[in-house]
Protein chains: 2
Amino acid sequence: MDFVHLLISNNIKPSLQRIKIFEYLYDNREHPTVDTIYSNLVGDIPTLSKTTVYNTLKLFIDNGITSTVTIEDNEVRYDAIMEEHGHFKCDNCGNVYDVEIDISALKFKEIKSFKVEKTNIYLKGKCNKCLNKIN
Amino acid sequence: MDFVHLLISNNIKPSLQRIKIFEYLYDNREHPTVDTIYSNLVGDIPTLSKTTVYNTLKLFIDNGITSTVTIEDNEVRYDAIMEEHGHFKCDNCGNVYDVEIDISALKFKEIKSFKVEKTNIYLKGKCNKCLNKIN
DNA sequence: ATCTAATTTTGTAATCGTTACAATTTTATA
DNA sequence: TATAAAATTGTAACGATTACAAAATTAGAT
């Protein structure tokens, strides 16, 4: 995966910080928070500032290569956008998994009243790993 | 609508504050924030504290008669739970509308890997009112 | 009714995630 | 190499939420 050209083709100058942050998002699909991203990169980039992580993620979002996952009230997670998908959070282990959902199949009554530009689907429950551990 | 008995039957003692807060949620379907609820009730209950609004909503959620709507990163909204439904937020006027969606029709590949207990569907875009105004 | 204990409400202070902002550093251009 | 523009950084400020202890209210027993 060529992150430099992905950034350039989305009008983002590929600074070291931006490359590393996007690389982290792309490689680590656990939908990390700002703190997680910062903690895992500050070893690589000792001067890294948390403000830079915030700024960079905002830039990614504005340019359409990242989205937020707000499956939980008290935490904002980030996701490198690939194909459209939903999210499942296990309320036992806290992990957030990607879920392949055919969003175009969603039918609803008020469909003529709104022009829908974005769809987020959030599922919660227990993942199989936890179900097996608990029982 | 008999809010007193609704609270009692959900193991919640019907204090004035609790009745008024649930009544507000039930009657005002714009999915208000804590601030909105507080501002609209403090006239009725002059001693009302914002902490009470937080405490009460948490109690409602724990007892299953309220849920949160986190369609936006930076605001938590509240919803008196009725039948299962999705939400649409117009990014022009900011209003959040209820949307009737048949959630049971959602099919996804990983369905066997998770025990889904709750589903949230968030749509964003433009409502017809705003579309007509803009054009 | 009255006393006592339990519950609920309240206000203040603390916490934590996020943003504002100005200074510094880095990059691009002439 | 000099200058301007852009990106990064650290600190301070902000705002939503929570912790906590005091005050007020309610419920139960006598």
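Every number here is computed from the coordinates shown, using simple stated rules; none is lab data. Model, not experiment: these values are computed from the prediction. Please note: Cβ atoms are built from the backbone with ideal geometry, for glycine as well, and neighbour counts cover all protein chains shown.
If r is the Cβ-Cβ distance from B:Asn92 to B:Val116 and R0 is 45 Å, what FRET efficiency results, to the nearest 0.05?
My answer for the efficiency is 0.90.
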- [ ] With springs connecting C-alpha atoms under 10 Å apart, model chain A as a Gaussian network and identify which of A:Glu30, A:Glu117, A:Glu83 has the largest mean-square fluctuation.
- [x] A:Glu117
Open item on the list: Can you pull out the trypsin sites (Lys or Arg not before Pro) in the stretch B:19-60 whose DSSP state is coil and whose Cβ has at most 13 other Cβ atoms within 10 Å?
Closed with: B:Arg29
Open item on the list: For chain B, set up a GNM with springs between Cα atoms under 10 Å and report which of B:Ser67, B:Ser104, B:Ser15 has the largest fluctuation.
Closed with: B:Ser104
- [ ] Please tell me which of these pairs span more than 30 angstrom C-alpha to C-alpha: A:Lys58/A:Lys115; A:Lys50/B:Lys129; A:Lys126/B:Lys20; A:Lys13/A:Lys112; A:Lys124/B:Lys124; A:Lys89/B:Lys124?
- [x] A:Lys50/B:Lys129; A:Lys126/B:Lys20; A:Lys13/A:Lys112
Open item on the list: Need one word for the protein assembly as shown: rounded, prolate or oblate. Basis is the Cα gyration tensor (sqrt eigenvalues a ≥ b ≥ c); a/c below 1.5 gives rounded, then a/b vs b/c decides.
Closed with: prolate
Open item on the list: Taking the 0 to 90 degree range and rounding to the nearest ten, how far is the long axis of helix A:16-27 tilted relative to the main principal axis of chain A, both from C-alpha atoms?
Closed with: 30
- [ ] Take the Cα of B:Glu84, step 7 Å along the line toward its Cβ, and report every residue of the stretch A:118-135 whose backbone nitrogen sits under 13 Å from that point.
- [x] A:122-125
